[in-house]
Amino acid sequence: MAKQEFPGWHGTTIIGVRKGGEVVIAGDGQVSLGQTVIKGTARKVRRLKPGGHEVVAGFAGSTADAFTLLERLEAKLEATPGQLQRAAVELAKDWRTDKYLQKLEAMLIVTDGSDLYVVTGAGDVLEPEHDIAAIGSGGNYALAAGRAMMDTDRSAEDIARRAMSIASDICVYTNGNLTVEKIAR
């Protein structure tokens, strides 16, 4: 089957919400191949503890590519303990300049409980406006839903869970099997 005919992997919605002194990253569990759900319980949000400093990361895109990036991020965090921004920028630089990494198809949302960043394959490290970020196939749905709730008295976790529920109702590549990780500073 030619590459352009291959249906490709789809799926994943990841949201990061910073509110009330905590940050929550939530991700769905669906992995699809074309029109078929391959797995409904994937864990796309991980807690990393390089050098004793906790970081939570959520990934969207190819699973193997995302794991490669998570390993690279963890190495950067070990080299720059407690400096998430610096580690994310160093990862983005490598991603942009390394011919192997340039082919990776994934994105990350990362937090240390204070900072919240989206790291892209274009070499961007973005700090989202309005203390909320979302990536993946249902990312825009989750982002819109989450932003609508930011001015309410809901907690970061409530906003993330509700926004993911709304995204899973709209996006066929997103399900309601959530992994939710909370971190505070």
Among Ile109, Ile170, Ile15, determine the one that fluctuates most according to a GNM of the chain built with springs between C-alpha atoms less than 10 Å apart.
Ile170
Ordered by fewest other Cβ atoms within 10 Å, a rough proxy for footprinting exposure, Met107, Met164 read Met107, Met164
Quick one: pull the percentage of alpha-carbon pairs in region 5-126 with a separation above 20 Å.
41
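Please grab the % of Cα pairs in region 56-185 that end up more than 22 Å from each other. Walk me through the numbers before you get to the answer.
On the way: 3068 of 8385 pairs.
Distances greater than 22 Å cover 37 percent of the Cα pairs.
Tell me what the chain gives for mean residue ellipticity at 222 nm when only DSSP H runs of n ≥ 4 count, each as -39,500 (n - 2.57), the sum divided by the residue total, rounded to 500 deg cm²/dmol. Let's see the in-between values first.
On the way: 5 runs with 61 residues, N = 185.
Taking each H run of at least 4 residues, the total per residue is -10500 deg cm²/dmol.
Evaluate the relative contact order of region 3-180 (contact order divided by residue number), counting alpha-carbon pairs under 8 angstrom at least 6 apart; express in whole percent.
On the way: 404 pairs, mean separation 53.2, N = 178.
The value is 30 percent.
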Can you give me the Cα centroid spacing of region 63-87 and region 121-185 in angstrom?
22
Straight-line reach from Lys39: which aspartates and glutamates have a Cα under 20 Å away, not including same-chain ones fewer than 8 places off?
Asp28, Asp65, Glu105, Asp169
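Every number in this text was worked out from the coordinates using simple rules, so none of it is lab data. Only a predicted model underlies this, so the values are computations on that prediction, with no experimental measurement involved. Every residue, glycine among them, receives a Cβ derived from its backbone with ideal geometry; neighbour counts consider all protein chains shown.
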